[in-house]
1. Looking only at B:L127, B:L113, B:L149, which one moves most when chain B is put into a Gaussian network model with springs between Cα atoms under 10 Å?
2. So what is the 222 nm mean residue ellipticity for chain A from helices alone, if each DSSP H run of at least 4 adds -39500 (n - 2.57) and you divide by all residues, rounding to the nearest 500 deg cm²/dmol?
3. Over chain A, with a Gaussian network built from C-alpha contacts below 10 Å, which listed residue (A:V45, A:V177, A:V349) shows the highest mean-square fluctuation?
4. Which translational diffusion coefficient, to the nearest whole µm²/s, is obtained for chain B from the Stokes-Einstein equation, given a Kirkwood hydrodynamic radius over C-alpha pairs, 10 °C and 1.306 mPa s?
5. In the range A:327-346, whose amide N lies under 11 Å from the spot 7 Å out along Cα-to-Cβ of A:Q203? List them in ranges.
6. Between exposed GluC sites (Glu not before Pro) in chain B, where DSSP calls loop and at most 15 other Cβ atoms lie within 10 Å, what's the longest gap?
7. Stretch A:L60-A:T398 to full length: gain in nm at 0.36 nm per residue minus the Cα-Cα span?
8. What does the charge count near B:G64 come to, summing +1 for each Lys or Arg and -1 for each Asp or Glu among other residues with Cβ under 13 Å from its Cβ?
Amino acid sequence: MNSPVPPEASLRAPSAETGRSEADEPHSPVVRFGPDRPLRLDAGVLLGDLQIAYQTYGTLNAARSNAVLVCHALTGDQHAANLNPVTGKPGWWETLVGPGLPIDTDRFFVICANVLGGCMGTTGPSSTNPATGRPYGLDMPLVTIRDMVNAQAMLLDHLGIEKLLCVAGGSMGGMQVLQWAASYPERVFSALAIATAARHSAQNIAFHEVGRQAIMADPDWHGGHYLAAGVNPQRGLAVARMAAHITYMSDQALHRKFGRKLQNRQMPTFGFDADFQVESYLRHQGEAFVQRFDANSYLYVTRAMDYFDLAADYDDVLANAFRGSKTRFCVVSFTSDWLFPTGGAREIVHALNASGASVSFAEVASDKGHDAFLLEEPELFAIARGFLDSAARAVGITPGRS
Amino acid sequence: MALREAIRAHEALPEGALDESRVRLQGGRTDLVVVAEMVAPSSRVLDVGSGDGALLELLATERGCDARGIELSREGVNAGVARGLAIIQGDADVDLAYYPDDAFDYVILSQTLQATRRPRWVLEQMLRIGRRAIVSFPNFGHWRSRFDLLLNGRMPVTENMPISWYETPNIHFCTIRDFVALAEVLDARIEKAVALDSSGNRVRVTMPWWVWNLLGEQAVFLLTRKT
């Protein structure tokens, strides 16, 4: 594991520069594939220069049977369980991944890679295009969830891992989990898909479009070539994040956290300042986000989610995606998640039942909304632990400490 | 009489008998032991209304089965999944429709029939999904139920049916004879049948059927499709 840079330094640096440096020379190990091993993208083009940035935790056993791939969500990155080098904050899944935790790094070799199209070291629109020496910008081909998974498979080949004990992820990470199970059933012993769906809904595509339009409406976006112009569409990206952030929380969670409480004042100002705490909170979320995320990456990765419809590749019958699968599945949803509601999880479960696959499905009672998969949810932890322990037992991995 | 022959068939096959005392210690109910005994080793089993997964665990550990469950209560599912069992949160009245034909060797409905909205539909689905169906249910024809109704004029509240009529999830009670009649309607063959008295002991085979319907507090049936 690389030691992270002091967060203060990178937070103070202009975000465009932060994006650039992390995009090409991340604080993570990288693997590079040249034109001799191109990645064929769903968009119909070959990506001849591919860099994948990843983190690993724990030790691969001699039998190479204890590898767990963790897939990150839309704005996540490879720093699942270490200090994030850009924000200086804990890894995004430190609740679930670590020594003695459900995804136990004392027992498992955990891999997490930045997705294709991302901005933390895996090839994406902010990476330098070797053909031009300038950032790709919109010259980067559109990518899909399947492209992301195919790139991860190349990384696993490079690491010498033939079979994964488990692929786990939430939200867009869960989409990758499902795609993994469909594309590489023989490489996936078990699959843990949390707060996700087998296709992006019209409502979710609509939310993403609002975010993309906010970015593209920012004059600093410069038709996607803002890095060359030395600017950053921060306002647009911040608005995109603010809108999206609302969808990650439940009405109850917002009410519990903020209610109608005013921000550092006794009375409304009768203006458009952030009178309400919830406004101040959202503004803060937007401002923090632009320090760590590339606007074009946001366009690309949201688009990849929009295009995700696993059944479409299997004659519109989702069960066909899992036909004959030996993979053990565990699907988890949250009661208050209205972005990826339980109905979508149930569709996955019904398809798995129809395909004859082994599946567990639990709906966890939580008022934390979609974000619940990233937060302290003891019931989720117990389920993830039980599922992984059972998989580990089945392949003969010694039990961990209780 | 087909029913009596089915009972004899079960009594004549004690070789698969499980250690009842051990199972009892595991928190098992006697009807679960009877159900588990009816399942051939290494079968594919779906337990509809699997509760916290006690029967699934029994079948997996004692019988080496590929055992999966459906359970309505979130708590039951989450506890079972946390123990590494393959259980889905779902509703038998809805979710059975999503399983393909002949997906399992056995589909089990233990102490759940009376809580389904459409018992007939559920049984039909079970016989479609599985080659065999095993059903255990409380017998409303038990003498105590009859006694409560006849003499007290009250709906029975017993150890196995402890909840008052206005709060019970059990909405479709039946007697052993009622169930036999339904099996006939569904054109299902009764392969085995067992009645358990209020102490959990088997009602003796030599007793006539009306004694079963009177003394059996619970019943366990193994059904197959005739066609």
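Every number in this text was worked out from the coordinates using simple rules, so none of it is lab data. A quick note: this is a predicted structure, and the numbers were derived from the prediction, not measured. Glycine gets a Cβ as well: all are built from the backbone with ideal geometry, and neighbour counts include every protein chain shown.
1. Between B:L127, B:L113, B:L149, it is B:L149 that shows the largest mean-square fluctuation.
2. Details: 12 runs with 143 residues, N = 402.
My calculation for chain A gives -11000 deg cm²/dmol from helical runs alone.
3. Result: A:V45 has the largest fluctuation of those listed.
4. The estimated diffusion coefficient comes to 90 µm²/s.
5. A:337-344
6. The longest uninterrupted stretch comes out as B:1-158.
7. Details: separation 338, 0.36 × 338 = 121.68 nm, distance 1.35 nm.
Answer, rounded to one decimal: 120.3 nm.
8. -2
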